[in-house]
Every structure is written in C-alpha cells, then in structure tokens.
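Structure first, commentary second.
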Amino acid sequence: MPERPQIPRRMTVTGRTYLVAVIISGVAVLGASLRDIQMHPLGHQWYMLATLTLISESATVTLPSVGASLSVSETFVFASVLLFGPAAGAMMVALDGLVISFWMARRRPEWYRALFNMAAPSVSIWIAAHVLFGLFGIQPLLHNDKLPVNALLLPLAVFAVLYFSLNSWLIAFAVAFEKRSSPYHIWHESFMLASLNYLFGASVALLLVAYTRDVDLTFVGVILPLLLVSYLTYKTTMGRVEDANRHLNEVNRLYMSTIETLAMAIDAKDQVTHGHIRRVQIYATRLAREVGVRDEKLLKAIEAAALLHDMGKLAVPEYILNKPGKLTDAEFEKMKLHASVGADILSAIDFPYPVVPIVRHHHENWNGNGYPDGLKGTDIPIGARILSVVDCFDALTSDRPYRPRLSDNEALDILLERRGSMYDPLIVDTFAKVHSAIAPEEPTQGPPQYALAEIATARKTLAPHATGPVLDEIAASADEMLTLYELARSLGGQVSVGDAGDVIANHLRRLIPSSLCVFFLYDDRSGEIEATHAVGDGAKVVRGTRIQLGQRLSGWVAAHRQTISNSDPVLDLGEMARQRSLALKSCISTPLLADDDHLIGVLTLYSSESNAFNEDHRRVIEAVARQIAQTFRRAVEFDQSPRRDPLTGLPNERQLEQLVQASLDDSGSTSFTLLLIDIHDLKSINTTYGRTAGDQVLNHVVHHARHGLRMADILFRNTSDEFVAFLNATDSDTASVVAARICDRITEHPVRLSNGTSVPVEATVIAVRAPRDGRSLNDLLSSARRRGHRSNESENASVH
C-alpha cells in the first residue's frame, strides 16, 4: 500500500480540516465494517490473506520525489474484497496502514500519521467495493461458485480504477497541503505510475480467484513467484526513475548555484543595494506560492529572475548606482536601461523556463506608465508583477544614503497607495497579509562575503593614471564633498564631539567606504591621543582607547603629521582588531591639524578588507581632515563649556540659533529642515505627578527622538517643552518620514514612573524648511507653531 505523507505540525487550517475529515470518515467506515464482521464472521482464509498482506509489506518500492512507497500487497487486498466483501477489505487495509505506521514510528512517531494511514485507504476501498457489489449486482465470491470469471472483468476494472483514484488523490491532497503545491502536480508526477501496480494486483487477484476460491498452501505457492517477479520489475523501474530524478536535481542545483553566484557578484557592484537580490528572491518565490502560482517551471523562472533582475546594472555607471542623492532626469534614463539590457543579456541563455520576460518587465506599471515597453495590467507577466512588489518593499525597508530605512508598516502603506496604479492589486493585498510570514531569514548560502567584498573593492579601485570624470566617480561627487565642507564650517562651536563625529562620519563613509571610523583627540596633558568618538562596527569596543604619541600607527601619524595607508590594524589596536566584532584588515590614518601645525588629533578609518584604500581615498581623507580639524577643536571647547542643557545634555537654543544662522549665511541657497517637537501638557504632568516625573518625560522624548532621527541629524533643546531637530539638506518627503517616526515612537511608549504609574506622552512634530519658511530661527519656529495650532494638536504628527 502507498505510504502516507507526514503531516507537519504547522499545517494550515484548511490542511488540518482536511486531515480531520479523512480521519473521521475512516473511523466511521471501520466502525461499520466491524459491525458487519460481527454479524458475518470471517473464516481462517481471511486471516491467511491478512498475514500475506503484512508479510508483503517488507517488499516495498519507494516512489521518487514524495517519499511514498508501494508494495505487492494490493493483490491480497483485491482478493480479500472479491472473496469476502467491503468490510473485509476495509479492515485489511486498516491493519496494513497500522503496521506501516508502527514501522515508521521509530523515525517519526506521530499519532495523526498513523490515523491517516489507516483512514485514507479504508475509506477508498470501502467506497470502491460498495460500487463493485452494488452497481453490478454481484455477491462476494467465497460462496458464489456459479459466477464466471469473464463476468468479473468490467466490475473489477471499475473497482481497481476507483480504488486507485480515491486513495491516490487523498494522499496527493495531503502532500499538497504539506508542501503548499498543486495536488494535480503531486498526483501526476508521483502516482501515475502507481496505477500499474493496482492494475497488476487486480489482474493477479482475478487469476487466483478463477483458479481457486480456497486460500491454502497451494494458493500461496502459486501467488508468491508472480508477486516476486512483479516486485523486482517494479523496483528496477523505480530505481531508474529515481536515478534520473537525482541527476536532474543535481543539474538544477548546479544551474541555480551558478546563476546565484553570478547574480551576487553583480550585486556586489552596487554598494547601495548590496544583499538586495537574495532577499528579493526569497520574498518573490514565497509570495508566488501565496498568490496561487503552482506551475513548477514558472516558480523556477521567478526564482532565477529574482536573482538576475539587476544584471542590466552592468551597463549603468557606478556613480549613478552609488550616488547618495536624487538622480537627475538624464541619470534616471540611464538607470532605466538596466531592465532591457539585462533581458537582452539573458536572452542569449537557453533557459528551460521564462526568465527573460520577467527580467525585462519587472519595472512595468499596472496602469501602463512603466518601462521599458509600457505594458498594462495582466499583459505584464505574473512573475514580473510579483517581482516589482517585493523589489519595491525591500528597497523601502533598506537604508539609503539619501533617506533612512522605512518600517515595514510605512513601506506597506506606500505599496497600498500605489495599488492599482503601479502594482497589481491582488499581489499587493496578498503581500500585505503574508509579508511577515514569508520574510527571509538570514541567508546561509552563496559565495563567501570576503569574495563579494573583494569584487566591490576592485570595482572602486582606480588605475594609477586615471583622471577626469572617472576620478570624480570613484572619489566622490563634488556635491557630497561640498556638503561635508559646509557642515564642517556650520558645526564649529555649535555641537559636541559626539554630534560632530556622527554627522561627519556619515558623510565621510560615502566618500571612503569603511567599516569603522575613529576620531582620536590629542590630550596635551598626558601626551596621548584618545579614541573619543567612533562610528561603525565595534565602535563601543574601540571607544576610549588611548595611544601614546609616537606609538602604534595612529600615534606615529600624530607625532609625524603624515598619512599612513593600508597598514595592519593590529599594529594600531593590537589583538582587539582581530575580535569577531571588528575583524579589521586594513586602515588609513591622517592627522587633524588646525592652524597648519597645531595637533587636534587623528582621523583613522578601518576596513574589514585587505588593501581597501587607494590613492584617491588618501587624497580625499587628507582634504577632509584639513576641513574638520577646526570643527573638532571647537567641539572640544563646546564639551568643556557650560552651554549644554543640564537635564538632557543637549545643546541649547543659543547653539541652535548660531547653527541656523551660519547655515543660512554660508549657503543660503542650500535648504535645511527643522523639526519642532512640542510636548503636550508638560505643565499638567508636572502638577499631577511632580517635577521629577516631568524630567522623566523630557528624557523620554529625547531618547525616542534620537532613535527616530538619522545619524547626521542634530537634536537641540529649545524651551522647557520644545525640542528642535536640525536636518541638513533634507527634502520634504524624507523630513515627513522622520517626523512621523519620532511622533509614533514618543506616543506609543508611555513613561513608567518609579512608583509604577504609566504616564502617556503626546507630542506634535512639525517640519519647516529653510529658506522657504523663514530666514531666521525665530521666523522658522513661528511658522512651525502656527502650523501646529492649525493642526488642533492632533494625536499624530502633522508634517508639512
């Protein structure tokens, strides 16, 4: 009998319902059969057939791909039904299923598996046997010698086909619920060949019944050779099928591994979206099954296309791929080429499934406004429609230099806004329901990360004599460098070392890729430099490290005022550099000098890659160091001054005013955004719970505001119940996202006082942009307050 599938504990509700229904039906059939047997007891001949059935279970043949098995016992089952009737057949297959479950319990002891093994064949044979005897008006043959054998041909054929169909489809549905696949695909691939086993069993049973109606030793002597030949033939055939399937699976694995390695190597070129394709692949294949895709070739196509959909980026200049700001119209036109170019490249490969159309059309829009061909609605391949949704979601929930990552809910809101215009409504609705369940786990396969990073580093390495636009692409865009210089001037004397370090490191790492940025500041009293601030992987481990002037790498750089590039970080940080949280392999270090030769400290960048820094990086870091040295000199003075807010430790309104005015004076044409964070009813909280509770509320707001801001943003305390965040070179959309995130964090987390009381906190977050909304701090804050009043102090952030 076929071995029934393992039913997983996490089966869907529909699958559990199906399982329970089959088991209940089986119990009902066996109950009716027992009652019938009590009324008409079976003789010793049935017990001999049952014994032969159980013995023959040891001669089983495994079906490829589903783990089910077939045995030659069907012959005895058919003989039992012909001789004794439906009840005898149902009891025999139930006993057979129980024995199968007993043997399998040593590997997978599952009670519902045993029940299913007994129930499914019992229901199948009971129904088929009643059709046999009821439809054709015949009686069991043990006591019916007058019925000729030729009169049994049609009834037995109908019985065998019906029994096989019911039994195989019951199993196929169970496997389909387990694997979330198509029942027809499971049945067609795995049970079509099993029909031969049923037909053979029915034929042999008919010959035996024609030969003798007595089950004795003669019966056994005749039947065993026939069954042995059948078993060996079938086992050989299934062995060949299994070998062919194994070879095909190995080829498919090699095929997909080659595609994946190629795709991840291409992905390494794009430093902005590194790791993107693996996540998209997992999302796309899982979402495809959720929306009802069952065709295995189409699923394979989606799996491959998700890996290769960005292959056309080979034709897009790297300065466009990795640009930290918004693309110009001309740059976006070049970026759009990647869909058609990628499809053209892949068209040279003879894929066994439709990969190329998915890659070509994954940027088409549901309303026909996409590219490259402007397809509309269902004219867009289903794989491309799925890929476009998950591609967008992963991009929105990943950090970008020009905006912070969005939360899953924020990204889903955007997808729902684009539902019916850019994306297929059905796919968006399905993804919104299941995105948490199908989210990718941490990838464990693929090329080694050091190899991908080496590719990425090699892409950034420039030939020694390269000049002109190429040099600009590799070093940085002029806008990014100019922004960093303007920030250095604006920050001077207005913020702490930590705030200045965060802002500068955020911009610097776009110019020079690194895993850790450390600002060593010089202490002339001890003659040491100290890692006062660090940003990146393992920053907490490095922070506070002190190096004697002239010692190690950074100390040597400080003493000799010279840059060192691509040295071993172990020479600078000792064995600390080898820790798993750091794993550093190269570094570049340059002195911070103010007034030409006054030592402020040392700027050192570390990388987890060997020889990560080239001559262009050296020129960039030396140019940056000259600009930021004075910033850190003033930041040290700021930290030592009494101008910080004593409660929150934030810079106060005076520093905010100086920063705003300096930004407007130095670059009046460059916009920045202020977020006014207004706490509701702080006076009432102080009155009701005490001043200490009010102080807790203020620090609560600071904590969640900082977590909602980006690394380069700066938070100030303005008045007793107001805070202001400074967002440099930030557009309105990004400011809206940041403001909403701050407001949500503040209102969703009540303050818990020391006595256990929970105090809800509400705040309004208003965004104003300079110079559009004002050319002074007072003008900007007045504009923000007016907008706050118009919003009627709603519970959620009002962002303009």
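Structure data summary
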item: Computed E for Phe332/Asn755 - FRET, C-beta separation, R0 51 angstrom, nearest 0.05; result: 0.35
item: Simple spin-label estimate for Ala157 and Asp344 in nanometres, 7 Å along Cα-Cβ; result: 6.0
item: Loop trypsin sites (Lys or Arg not before Pro), segment 565-655 (other Cβ atoms within 10 Å of the site Cβ: 12 or fewer; DSSP); result: Arg580
item: R0 of 51 Å, Cβ-Cβ distance Lys540-Lys433: FRET efficiency to nearest 0.05; result: 0.85
item: Burial ranking of peptide ranges 163-171, 533-541, 361-369 (average Cβ count within 10 Å, highest at the top); result: 163-171, 361-369, 533-541
item: Projected label distance in nm at Arg578 and Arg294, using a 7 Å step from Cα toward the beta-carbon; result: 5.8
item: Unsatisfied cross-links (Cα-Cα over 30 Å) in the set Lys336/Lys585; Lys334/Lys376; Lys297/Lys334; Lys297/Lys376; result: Lys336/Lys585; Lys297/Lys334
item: Pair Glu762, Ser782: separation of 7 Å Cα→Cβ label points (nm); result: 2.8
item: Asn699-Gln551 FRET efficiency (beta carbon distance; Förster radius 30 Å; 0.05 resolution); result: 0.15
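Where a number appears in this text, it was derived from the coordinates with a stated rule and is not lab data. Not measured: the values here are computed from a predicted model. Quick reminder, even Gly has a Cβ in these numbers, built from the backbone with ideal geometry, and neighbours come from all protein chains shown.
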